[in-house]
Structures are given as structure tokens and as C-alpha cells.
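Undergrad: Handing you this structure, nothing more for now.
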Amino acid sequence: MSLIRFPLRTATIALAAAGALALNGCAWTLISAAAATGSVVQAGFTVASQHSSPTYLNGSPADIRNVCIEMNQNVTIGDFLPALQMALSRRGVTSVVYNPGASPPGCEAQLLYNAAVDYGRPEFSDESRQFLSAVDLTLLQHGQIVVTARYETQGLAIDKFASVSSKLNGLIPHLVVDQHDLNAHSIQVSGTN
């Protein structure tokens, strides 16, 4: 009986070792797949956190080349106005900031804005941090509202801690037509005549 037991025991150990090695390969494959999936998800969140879309939009983008921005002294976010002007400039629209009630002559359009901040804790952080939680932009021409756009942090709030600039860059294309595209199109059309 011990002769049968020894080969059976050896076979069991060999089978267990082979199974562990096979499982080890499968486990490594599963771990690699999980790591890759985690990297893709993390990359998606990173991209999404740098892109914002309006949560409310009324009207179509205006075809303007310059805009006068009425300063809102209630908005105390230091980089808000520079980020707003840069977002407009990226679309070929020049801007001038003026104090309320002192609109400069020759404004093609006026841009009114409001913004709110909130505080929250980013993932993997114990420190609370300020973030831009809402933005309202209203574009007027000849005293009439042409388009309004609103951004607010909601839902999963993937972009909650994104920069002011990235949030405004998500709104401005819905407010004004890209003048760079129009200039390229007009040059192309005039070159073919």
C-alpha cells in the first residue's frame, strides 16, 4: 500500500506545483490586465478633468472680432479675467476690460460674467482646496442677449479641480465663432477666385 501511496503523493505534489505555476501565469495576466485597465481609466479621468463642457447653453456662437468685458468686482478669482481673455484670444477675438457703467465706445459686443467658488478635497489629499464651481457668461450685441453659457460642477465632477483656464476654454467656443477658422476659409476662397 505504501508503494501506491508514494507515486500518488508525488503525482499530487507535481500536479499542485503545475497548477500553481499555471495559476501564477494566469494571475500575472489578470494583474497585468487590471493594471492596464486602471491606467486607461486613470488616463480618461485625467483627460476629462482637463476638459469642461457647458451645463447650460442658449443661443449660437456670435461672429465677432472684439468684445468689451464688464468687470465684475464680486468675482475675486485672481486668474479669472486673464484666463477669459486668453480663451477669447485663442479664437481670434480681442477683448478690453472696463468698469461697470463705463463701456468704451466702439464695442462690437459686451461680455458679462459671474463666477462662484467652492471648497473640496481632491482625491488622495487631506487638504481642502478652492475650485471654480460655476461660471455664467452672457454675450450682448446692441443691448440684446445673443448667447449665454453656464458651467457648473455637478454629477461625478471629474473636472471639479480643473483649472479656471480649462473650464473657460470649454465655454468660449459656444460663445464666439473661431475667427482663425473664418480667416483661413476666406483666404482659401479668395485664393481660388
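The values are calculated or read from the model by the stated rules, or taken from the named source; none is laboratory data. If you're wondering where the values come from, they're calculated on a predicted model, not measured in any experiment. Reconstructed Cβ throughout: ideal geometry from the backbone, glycine too, with neighbour counts over all protein chains shown.
Undergrad: What number of residues within the stretch 145-159 are buried (at least 19 other Cβ atoms within 10 Å of the Cβ) and at pLDDT below 90?
TA: Here the count works out to 2.
Undergrad: Residues in the stretch 100-155 that are outside any strand (DSSP E or B), more than 20 Å from Leu88 (Cβ to Cβ) and touching a residue at least 12 places away in the same chain (Cβ under 8 Å): how many?
TA: 3
So that you can scan it fast, the table gives a plain yes or no per residue for (1) of a type in the set (Asp, Glu); (2) crowded, with 17+ Cβ neighbours inside 10 Å; (3) at pLDDT 90 or above:
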{"residue": "Gly78", "(1), (2), (3)": "no, no, no"}
{"residue": "Val93", "(1), (2), (3)": "no, yes, yes"}
{"residue": "Tyr98", "(1), (2), (3)": "no, no, yes"}
{"residue": "Arg121", "(1), (2), (3)": "no, no, no"}
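Undergrad: Name the strands (runs of 3 or more DSSP E) wholly within the stretch 54-98 that hold at least 1 residues that are touching a residue at least 24 places away in the same chain (Cβ under 8 Å) and in contact with a His (Cβ under 8 Å, 6 or more places away or on another chain)?
TA: 56-58
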